[in-house]
Amino acid sequence: MKCFNNFKADRVSIFRADDPNKKKDDPKDFWQGLKGGGSSSGGGNNNNPLKNPKNKLSLGIFVFMLLVFGILFFDTSVNGSVQAVPYTTFKQYVTAGQVKDVNIEANTKIIFTSTSDIKMSSRIPYTDDTLLPDLMAKGVIVTGSEQNISLLAIIFQMIPWIIFIGFTVMLYKQANGMGGKLTGGLGKNLAKEFKPDENSTTFDDVAGQAEAKNELLEVVDFLKHPERFEKVGAKIPRGALLVGPPGTGKTLLAKAVAGESGVTFLHTSGSDFVEMFVGMGASRVRDLFEQARKAAPCIIFIDELDAVGRSRGSGVGGGNDEREQTLNQILVEMDGFDSTSNVIVMAATNRPDVLDKALLRPGRFDRQVVVDLPDIKEREAILTIHCKKVRLESGVDLTRIARATPGSSGADLANMINEAALFAARENKETVSMDNIENARDKVMIGVARGSKFMSEEDKKATAYHEAGHTLLHYHLKNVDPLHKVTIIPHGRALGLTISLPEKDAYTLNRSKLVDRIKITMGGYVAEDLVYGETTTGTSNDIQQATNIAKRMVTEFGMSSLGFINLGQEDEPLFLGREIAQHKNYSEETARIIDSEMRKILDACLKETSTILTKYRDQLEILTSRLVEKETLNDAEIRELLGFEPIKNILSLKD
Ligand code: ADP
Ligand code: ZN
Ligand code: MG
């Protein structure tokens with residue numbers, strides 16, 4: 001249910017092209033990343049300017065030009081004094097008896113010296129039978145020669161070969177991936193090896209994940225005391241697959257297993273095996289397992305296994321032979337271990353659904369360890385671990401932060417604490433305050449606060465009405481999470497924010513909660529309409545969210561008159577993007593009903609939202625003017641301002 005975000009990024013300013021705080025999933029970055037990745041994947045390290053194919057090419061062109069100019073210069077300096085003249089001029093010289101000697105080259109070219117010792121050349125236009133008798137009659141010395149093959153001509157003939165050979169060598173070196181060696185680097189694996197004394201990671205560095213740790217303890221046990229298992233004749237596990245969303249600590253856990261059992265850790269990634277040459281991946285796999293056997297006892301860790309482990313034969317557009325061979329080689333190598341080799345293969349993926357079934361068979365990755373997103377308690381534990389590295393002010397309440405970060409992964413939380421420390425350092429403080437952490441959380445989860453200087457008073461007021469609309473509904477609806485805070489300070493691309501604070505992580509939501517969420521989302525729109533009689537473009541994100549919830553209620557959750565049926569399009573194909581391959585599994589008629597059911601839900605919600613805000617219009621005004629004044633308000637301040645009981649106060653919930 002990741003769609004149900006607790007943070008409503010509101011009033012997205014869609015006309016702002018010069019957004020200084022690009023979100024991390026900015027599509028531009030994505031494409032740039034793709035392009036960058038594409039060009040560098042074949043090239044290995046591009047640090048050395050000469051290794052850069054572009055530089056190489058321009059160097060080649062430079063040398064070539066130098067050569068050509070050199071030769072031209074050389075050639076003209078040799079024949080420099082020879083002046084070319086028309087054949088008729090030559091004949092006139094002959095008739096006038098001013099020719100000393102003549103050399104006829106290959107019956108076509110004449111080089112002659114005049115009586116005044118000037119060397120000239122001319123071409124015979126056709127055959128001239130009278131030429132020789134004429135010359136003889138005048139007593140000119142005549143010689144003949146083969147065509148004079150000049151240095152220039154030889155080099156010109158060689159140039160294509162030089163280019164061709166140079167190009168081949170260049171390609172070969174590049175394909176090598178490592179630059180220098182011609183053959184050695186191709187089949188070498190790229191694993192990083194951590195000797196036991198280089199790896200101090202233990203299970204204590206991994207917060208939460210109790211179940212995963214429990215299952216992995218068995219692996220640790222085996223690596224530490226293999227004899228125990230052999231004695232009873234138990235088959236020892238060969239492979240463990242860590243499955244979970246990105247940033248949940250899979251890599252960390254694998255490293256911790258190696259650290260706990262004091263064995264060598266070979267860290268490699270599935271994408272290391274994907275190369276442009278057929279057979280390279282397989283050869284790298286062989287090399288990797290060879291290295292592992294030498295380093296045993298040890299753990300091979302293949303990160304992002306799905307890069308090579310996707311189902312065979314499912315490639316759209318011809319499949320990928322190379323990948324299949326690599327995968328086959330992994331399977332062969334895993335089967336090839338005898339029970340005493342003391343090598344365990346661990347792998348991580350966030351797409352277990354696309355893995356080839358053969359990988360999951362007994363004797364291969366038969367242990368699957370789920371590494372899930374942390375819950376509220378685990379988040380607190382992760383925060384505690386990462387806060388050990390920074391100095392905290394006394395008022396910092398990690399429980400509250402853990403509660404305000406639903407859906408965050410361990411990596412997000414680690415990043416957040418680091419951002420908080422950066423904020424503190426920027427303020428020249430020695431300790432990190434609660435404010436720093438809250439700002440860091442907003443930055444990581446929503447986008448950085450931009451400051452409100454550029455907003456006019458009028459815009460500020462409009463934003464305040466909009467946010468107050470969302471906010472008020474938190475207090476007049478039953479099935480909603482308590483409010484965390486509301487702000488009209490722009491964050492990222494949102495002009496204002498209303499953030500709720502769930503008391504516990506929501507795993508399921510019932511219909512009442514869903515419709516109340518829709519109503520809260522509609523608050524901004526309704527408030528704008530109520531106050532100004534028209535709405536702004538800032539509501540587009542709200543509308544999208546509300547529509548999304550309504551759609552899923554109808555097509556996925558069976559919460560409409562269509563009843564118990566899934567009309568979603570969840571089956572995502574392997575390689576195509578979602579949009580390309582989306583297909584409806586229902587008729588046009590059903591599509592019409594879906595639309596009308598969604599309409600019904602949205603209309604009912606809109607009506608009720610409108611009723612509530614009209615009824616509490618006075619509160620809307622009070623809240624708005626306070627928001628314009630203070631810019632940010634929390635739950636306690638709002639309750640005090642509007643005279644609500646502080647029953648749902650989040651701070652008291654803790655006790
Ligand atoms: P994954 O491999 O699942 O994508 P990583 O193991 O690379 O995630 O996690 C990235 C970082 O996030 C870790 O280096 C660690 O700092 C932090 N982290 C993630 N999960 C945890 C956890 N359970 N406890 C402590 N730190 C964690
Ligand atoms: Zn809004
Ligand atoms: Mg990882």
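Only residues that are open to solvent by less than 10 Å² (accessible area, probe 1.4 Å) and without any contact (Cβ under 8 Å) to a residue 60 or more places away in the chain were counted across region 244-269, and they come to 1.
A quick yes/no check of all residues on (1) in contact with a Phe, Trp or Tyr (Cβ under 9 Å, 6 or more places away or on another chain); (2) within 12 Å of ligand 2 (Cβ to nearest atom); (3) within 15 Å of residue 527 (Cβ to Cβ):
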site	(1), (2), (3)
467	no, yes, yes
473	no, yes, yes
478	no, no, no
482	no, no, no
485	no, no, no
491	no, no, no
499	yes, yes, no
502	no, no, no
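Candidates in region 367-388 are the residues that are more than 28 Å from the chain's Cα centre (by Cα) and basic (Lys, Arg); of these, the one that is nearest to ligand 2 (Cβ to nearest atom) is 377.
Considered as a group, the residues in region 412-427 that are open to solvent by 50 Å² or more (accessible area, probe 1.4 Å) and outside any loop (DSSP other than H, G, I, E, B) include one that is nearest to residue 380 (Cα to Cα), and that residue is 412. Pairing each residue of region 190-213 that is free of Cβ contacts under 8 Å to residues at least 12 places away in the same chain with any residue that is of a type in the set (D, E, K, R), provided the two are 6+ apart or on different chains, yields C-beta distances under 9 Å for 210/378. Within region 199-240, the set of residues being touching a Lys or Arg at 6+ places or on another chain (Cβ under 7 Å) and either assigned to a strand (DSSP E or B) or open to solvent by 40 Å² or more (accessible area, probe 1.4 Å) (or both) comprises 215, 238, 239, 240. Comparison of 513, 485, 504, 478 shows that the only residue that is open to solvent by 50 Å² or more (accessible area, probe 1.4 Å), at pLDDT below 95 and outside any loop (DSSP other than H, G, I, E, B) is 513. Filtered by the rule that a residue be open to solvent by 60 Å² or more (accessible area, probe 1.4 Å), over 30 Å from residue 231 (Cβ atoms), touching a residue at least 40 places away in the same chain (Cβ under 8 Å) and not in a loop (DSSP other than H, G, I, E, B), region 339-378 gives 357, 370, 377. Selection over region 582-636 of residues that are exposed (fewer than 15 other Cβ atoms within 10 Å of the Cβ) and touching a strand residue (DSSP E or B) at 6+ places or on another chain (Cβ under 7 Å) gives a count of 1. Pairs meeting the criteria (first residue in region 428-450 and within 12 Å of residue 416 (Cβ to Cβ) and at pLDDT below 80, second residue open to solvent by less than 40 Å² (accessible area, probe 1.4 Å) and of a type in the set (Ser, Thr, Tyr), beta carbons under 8 Å, at least 6 apart or on different chains) are 445/405; 445/408. If the condition is being over 23 Å from the mean Cα position of the chain (by Cα) and either assigned to a helix (DSSP H, G or I) or modelled with pLDDT of 90 or more (or both), then region 264-289 contributes 264, 265, 266, 280, 282, 283, 284, 285, 286, 287, 288, 289. Flag: residue 383 does not match the condition of being buried (at least 20 other Cβ atoms within 10 Å of the Cβ) and either within 16 Å of ligand 3 (Cβ to nearest atom) or not in a helix (DSSP H, G or I) (or both).
Residue 245 passes all but one of (1) within 25 Å of the chain's Cα centre (by Cα); (2) at pLDDT 90 or above; which number fails? That leaves (2) as the condition not met. Just one of the numbered conditions (1) closer than 25 Å to residue 329 by Cβ; (2) within 16 Å of ligand 3 (Cβ to nearest atom); (3) not in a helix (DSSP H, G or I) is not true of residue 255; which one? Failing condition for residue 255: (3).
Counting only residues that are touching a helix residue (DSSP H, G or I) at 6+ places or on another chain (Cβ under 8 Å) and either farther than 20 Å from residue 250 by Cα or not aliphatic (A, V, I, L, M) (or both), region 206-234 holds 8 of them.
The values are calculated or read from the model by the stated rules, or taken from the named source; none is laboratory data. None of the values given here were measured: they were computed from a predicted structure. Glycine also receives a Cβ, built like all others from the backbone with ideal geometry; neighbour counts cover every protein chain displayed. Remember, those area values only see protein heavy atoms, side chains included, never the ligands or the DNA or RNA. Shrake-Rupley method; radii C 1.70, N 1.55, O 1.52, S 1.80 Å.
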